[in-house]
Amino acid sequence: MAAMGRPRTFDRDKAVEQALHIFWQNGYESTSLAQLKAGIGNGISAPSFYAAFGSKQALFQECAQRYLSTYAQAVEPLWDTQLAPRDAIEAMLRSSARMQCDRGHPKGCMVALGVMSAPSEEHATVTAPLARSRMRTFAGITACVQRGVDSGELRADTHVRALAIVFDAFLLGLSTLARDGVRLNAMDTAITQLMSVWDAASASHIS
């Protein structure tokens, strides 16, 4: 019987999760192959790394897809049409804040931080899934604001895109706050304050 190759000394699924945390913490460009090898399993060799993952770029994209299918689900309330549009945005912001402050993984949002993860044009395609996710989230926020206008909850003269940018900018800013150690209760209080912007545009609001 032919000799079998030496079995992997690491759990690949666990290794991808570990790599995800490294990329999440450091970004794509700032994460070295040495860091990845040291952080995965027992520190695999370069040949084993390439055999298992193909390349640093391929591993990052696999990690990005895992992030989008798990942690990034915090923004999914935006597409729950059973929620009133204001409630959908508020639920999304609070859900994302909780995720970003969780102690079980790096602070902040990998999607938001991805805009700085690979700033050079050379690596723009690597982080393209994160850019698409940011655009999808902004589209979801915009759709909620438009639902508010269409239902009469918001005034007909509401500047839909401008109001959507307000909420999107706050969401993106949560990552910096989380990295700076701002606590969840402070973020929750800020979200409550932020929602007054929606209320000010309400059709029932009296100036």
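The values are calculated or read from the model by the stated rules, or taken from the named source; none is laboratory data. Since this is a predicted model, take the numbers as computed values, not measurements. Note that we place each Cβ from the backbone using ideal geometry, even for glycine, and neighbour counts take in every protein chain shown.
Just to be sure I understand, how many residues within region 50-74 are hydroxyl-bearing (S, T, Y), assigned to a helix (DSSP H, G or I) and farther than 26 Å from L174 by Cβ? Full working, then the answer.
Filtering region 50-74 down to residues hydroxyl-bearing (S, T, Y) leaves 50, 55, 67, 69-71.
Restricting the remaining residues to those that are assigned to a helix (DSSP H, G or I) gives 50, 67, 69, 71.
Next, from what is left, pick out any that are farther than 26 Å from L174 by Cβ: 50.
Going through region 50-74 one residue at a time, the tally reaches 1.
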Task: Yes/no for I89 being out of contact with any Leu (no Cβ under 9 Å at 6 or more places or on another chain), part of a helix (DSSP H, G or I) and modelled with pLDDT of 95 or more - done: no
Task: Exclusive hit being modelled with pLDDT of 95 or more and surrounded by fewer than 19 Cβ atoms within 10 Å (Cβ to Cβ), set H123, H105 - done: H105
- [ ] Return yes when L154 is assigned by TED's automatic domain parsing to the domain that holds L93, of a type outside the set (G, A, S) and under 23 Å from the mean Cα position of the chain (by Cα) and no when it is not.
- [x] no
Task: Subset tally (residues that are in contact (Cβ under 8 Å) with a residue 24 or more places away in the chain and small (G, A, S)) for region 88-107 - done: 3
- [ ] From the list G104, G114, G108, pick out the single residue that is part of a loop (DSSP other than H, G, I, E, B) and either within 15 Å of L174 (Cβ to Cβ) or in contact with a Cys (Cβ under 6 Å, 6 or more places away or on another chain) (or both).
- [x] G108
- [ ] Scan region 132-186 residue by residue and report those that are among the acidic types (D, E) and outside any helix (DSSP H, G or I).
- [x] E153, D157, D180
Task: Test: residue in region 37-58 that is within 17 Å of the chain's Cα centre (by Cα), at pLDDT below 95 and not hydroxyl-bearing (S, T, Y) - done: no
